[in-house]
1. Output the residues belonging to segment 68-114 that are buried (at least 18 other Cβ atoms within 10 Å of the Cβ) and of a type outside the set (A, V, I, L, M, F, W, C).
2. Quick test of your reading of the structure: HIS57 fulfils all but one of (1) within 30 Å of LEU134 (Cα to Cα); (2) modelled with pLDDT of 75 or more. Name the failing condition by number.
3. Inside segment 89-115, can you point out the residues that are without any contact (Cβ under 8 Å) to a residue 60 or more places away in the chain and closer than 22 Å to GLN162 by Cβ?
4. Name the residue, out of LEU66, LEU75, LEU37, that is modelled with pLDDT under 95, assigned to a helix (DSSP H, G or I) and hydrophobic (A, V, I, L, M, F, W, C).
5. Would you confirm whether or not segment 115-128 contains a residue that is in a loop (DSSP other than H, G, I, E, B) and either at pLDDT 95 or above or surrounded by fewer than 13 Cβ atoms within 10 Å (Cβ to Cβ) (or both)?
6. Please specify each residue of segment 127-156 satisfying the condition of being under 14 Å from GLU68 (Cα atoms), aliphatic (A, V, I, L, M) and touching a residue at least 60 places away in the same chain (Cβ under 8 Å).
7. Can you name the residue in segment 129-161 that is within 20 Å of the chain's Cα centre (by Cα) and surrounded by fewer than 15 Cβ atoms within 10 Å (Cβ to Cβ) and, of all such residues, is modelled with the lowest pLDDT?
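The values are calculated or read from the model by the stated rules, or taken from the named source; none is laboratory data. Please read these numbers as outputs of a predicted model, since none were measured by experiment. When we count neighbours, we look across all protein chains shown, and the Cβ atoms used for this are built from the backbone with ideal geometry, even at glycine.
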Amino acid sequence: MRIDRRILATLPSEAFMSASLCTLSTIARRKMVLALLVSLAACAPALFALQLHSQRHERRHEIEQLEETWRYAMLKANVSVMDSLLADDYMGITANGTIETRDRVLASMRSGALRFSVIDLSERKLRSYGTTVLVTSRAEITGTNAGRDVSGGYRYTRVYAQDAQGKWKIVSFEVSRIREPGASK
């Protein structure tokens with residue numbers, strides 16, 4: 001029996017169909033991968049911005065908690081909490097312009113020379129610069145320092161920096177008394 005190859009050539013075979021589908025499928029897959037890569041490249045800035053926003057939100061929340069931890073430690077004279085929050089090289093500037101080191105602040109709290117019964121914070125603003133965060137706030141306080149009344153309104157700037165282990169530490173603090181209009185200087 002003789003087979004006419006011309007007839008077979010016009011009939012589709014499984015092998016021919018599979019090869020054609022495979023070729024089309026490979027081309028289609030390549031186009032899909034290329035389209036996906038182009039889409040991802042186009043979305044990358046938005047994804048990066050979303051990640052940065054999430055990190056900023058997380059950082060903001062963490063610093064706000066540290067501010068409340070500090071406030072509570074000052075009210076309760078909790079020296080161990082204050083010790084854990086202050087950097088070794090901490091430097092503060094008081095409302096009267098004196099410079100305070102970490103050891104001096106902790107000693108004032110230990111001795112009871114610095115006491116607060118009220119610390120109400122408002123107008124808090126946070127600004128983040130890499131591994132540094134600046135906090136500005138208004139504070140209405142009731143308290144004494146070495147027996148002298150220091151109650152009143154203040155504005156302060158506190159600076160947090162991340163240490164090598166990623167832990168936030170207070171590295172600087174500066175406070176100014178808010179003078180009422182017409183008050184003597």
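1. If the condition is that a residue be buried (at least 18 other Cβ atoms within 10 Å of the Cβ) and of a type outside the set (A, V, I, L, M, F, W, C), then TYR90, GLY92, ARG102 are the ones that fit.
2. (2)
3. Scanning segment 89-115 gives THR101, ARG102, VAL105, LEU106.
4. Values: LEU66 fails: modelled with pLDDT under 95; LEU75 fails: modelled with pLDDT under 95.
Checking each option against the conditions leaves just LEU37.
5. Narrowing segment 115-128 to residues in a loop (DSSP other than H, G, I, E, B): none.
Within segment 115-128, not a single residue is in a loop (DSSP other than H, G, I, E, B) and either at pLDDT 95 or above or surrounded by fewer than 13 Cβ atoms within 10 Å (Cβ to Cβ) (or both).
6. As a first pass, look at segment 127-156 and keep what is under 14 Å from GLU68 (Cα atoms): 135-139.
Okay, now just the ones that are also aliphatic (A, V, I, L, M), so 135, 139.
VAL135, the sole residue that qualifies.
7. Within segment 129-161, the subset within 20 Å of the chain's Cα centre (by Cα) is 129-137, 156-161.
The next check asks that each one be surrounded by fewer than 15 Cβ atoms within 10 Å (Cβ to Cβ); those that pass are 129-132, 136.
On the way: TYR129: 90, GLY130: 87, THR131: 91, THR132: 95, THR136: 97.
Only one residue fits best here, namely GLY130.
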